[in-house]
Amino acid sequence: SGLEVSGANAGGFGYANHIHGANSLVGGNGNTVDSQYSICYGMGNTLFPTALASGIIGVGCAITGDYSHIIGSYTAIYGDRSFSAGTMNYSNNSNCITIGNRCIAGAKTSAGMPETNADDCIAMGTNSIAYGQYGSMAIGFGCEASGSYSTAIGASTKAAYSYQFACGHYNSPDSSDIFEVGNGNGSIGRVNAFRITTSNTAYVGSTQVTSD
């Protein structure tokens with residue numbers, strides 16, 4: 001079967017699996033588990049020695065952080081206490097969540113280093129990215145949350161500044177806004193249908209909302 005088991009109290013089944021972490025369980029084909037107290041099932045997955053008490057169910061996935069888990073394919077987690085479900089997702093800081101397709105949390109690109117203090121980020125949907133410091137969130141298609149504590153929801157929205165909330169589609173980020181509803185038609189045609197500034201002034205389009 002090609003099963004290699006060297007970890008104490010470890011076990012497995014399948015073909016070409018390598019189990020070096022103690023108290024770990026592996027099943028499938030071509031998996032490598034070097035971490036302790038971990039579970040892996042599928043094909044071509046890797047749990048590195050630092051991935052204490054982590055788990056993978058999928059294909060071609062990798063974890064280096066402890067207490068992290070993946071359900072999916074070709075996904076990587078490099079932070080502690082993180083979770084991913086889907087395909088080709090990437091997490092590069094602690095306490096991050098990615099769900100969907102090609103989402104990134106804790107870093108700007110899957111080839112990049114972790115963004116400073118970009119823990120607790122959530123990216124969901126397709127091609128959404130969350131890397132703002134201290135808990136940013138991007139949900140939808142192609143959304144990007146780069147501001148601290150920012151949220152971007154919808155299609156190709158951007159929350160680029162601290163505490164900013166953007167929804168709709170193709171909004172135009174402004175540092176003076178706390179809330180934006182986008183109604184643009186492309187990356188070079190970003191427009192806000194409605195926005196509220198940090199000084200509590202509201203605008204519909206470019207027209208200020210008054211009490212008169």
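Within the range 147-166, does at least one residue satisfy the condition of being without any contact (Cβ under 8 Å) to a residue 12 or more places away in the chain, outside any strand (DSSP E or B) and open to solvent by 50 Å² or more (accessible area, probe 1.4 Å)? The answer is no, given that none of the residues of the range 147-166 is without any contact (Cβ under 8 Å) to a residue 12 or more places away in the chain, outside any strand (DSSP E or B) and open to solvent by 50 Å² or more (accessible area, probe 1.4 Å).
The condition of being in a loop (DSSP other than H, G, I, E, B) and touching a Gly at 6+ places or on another chain (Cβ under 7 Å) does not hold for ALA107. Just one of (1) under 23 Å from the mean Cα position of the chain (by Cα); (2) crowded, with 21+ Cβ neighbours inside 10 Å trips up ARG195, so point out which. Result: ARG195 passes all but (1). In the range 167-194, the residues that are within 13 Å of SER156 (Cβ to Cβ) form Cβ pairs under 6 Å with partners that are among the acidic types (Asp, Glu), at six or more places apart or across chains, as follows: ASN171/GLU180. Of the residues screened, GLY106 is not one that is of a type outside the set (Val, Ile, Thr), within 25 Å of VAL59 (Cβ to Cβ) and surrounded by fewer than 24 Cβ atoms within 10 Å (Cβ to Cβ). Collect the residues in the range 116-130 that are under 18 Å from SER68 (Cβ atoms) and either open to solvent by 10 Å² or more (accessible area, probe 1.4 Å) or outside any loop (DSSP other than H, G, I, E, B) (or both), keeping them in residue-number order. Within the range 116-130, ASP119, ASP120, ILE122, ALA123, MET124, ALA130 meet the criteria. When you scan the range 25-43, do you find a residue that is within 21 Å of the chain's Cα centre (by Cα) and at pLDDT 95 or above, even just one? Scanning the range 25-43, I find at least one residue that is within 21 Å of the chain's Cα centre (by Cα) and at pLDDT 95 or above, so the answer is yes. Checked against the criterion of being part of a loop (DSSP other than H, G, I, E, B), modelled with pLDDT of 95 or more and among the hydrophobic types (A, V, I, L, M, F, W, C), the range 178-192 has at least one qualifying residue. The residues of the range 131-146 that are aliphatic (A, V, I, L, M) and open to solvent by 40 Å² or more (accessible area, probe 1.4 Å), listed by number, are MET137, ILE139.
The values are calculated or read from the model by the stated rules, or taken from the named source; none is laboratory data. If you're wondering where the values come from, they're calculated on a predicted model, not measured in any experiment. Note: ideal-geometry Cβ built from the backbone for every residue, glycine included; neighbour counts use all protein chains shown. For accessibility, only protein heavy atoms count, side chains too; no ligands or nucleic acids. Shrake-Rupley method; radii C 1.70, N 1.55, O 1.52, S 1.80 Å.
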